[in-house]
Amino acid sequence: MTDGRRLPAVGDIVRDTTLDRFGVVLGHEGPHLRLFPVNGGRYWDADPAAVRTVSPEEFLLAHLRAVNARSRQRLCAAPSYTPPDLTENRPGPSA
């Protein structure tokens, strides 16, 4: 972001294009931005030239895509379920 664009403000949600991660700007540390992962975790320093501010809608869309992808991975990895045969030991008609 050194090409005339403004640096993101503290609290802005940004995307680090180098790591393809979203983070919240914690501050400006020397020539870098200090970012905190939106979903928690360890902070990291990012090059301001590789960071761009995103709208809440863009962040939400990316977050939902990631959640859906994780959900699909779990569904594909889940063992198949075979329902029990309920007709096997069913008592006959009462007389």
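May I ask for the net charge around S55, where only other residues with Cβ less than 12 Å from the Cβ of S55 are counted and Lys, Arg are +1 while Asp, Glu are -1? Spell out each step's value before the answer.
On the way: positive: R15, R52; negative: D12, E57, E58.
Value of the local net charge: -1.
Over the alpha-carbon set of the stretch 13-63, work out the extent along each principal axis and list the three values in angstrom, largest first.
Largest to smallest, the principal-axis extents are 31, 22, 16 Å.
Rule-based calculations on the coordinates, nothing more; no lab input. Since this is a predicted model, take the numbers as computed values, not measurements. Please note: Cβ atoms are built from the backbone with ideal geometry, for glycine as well, and neighbour counts cover all protein chains shown.
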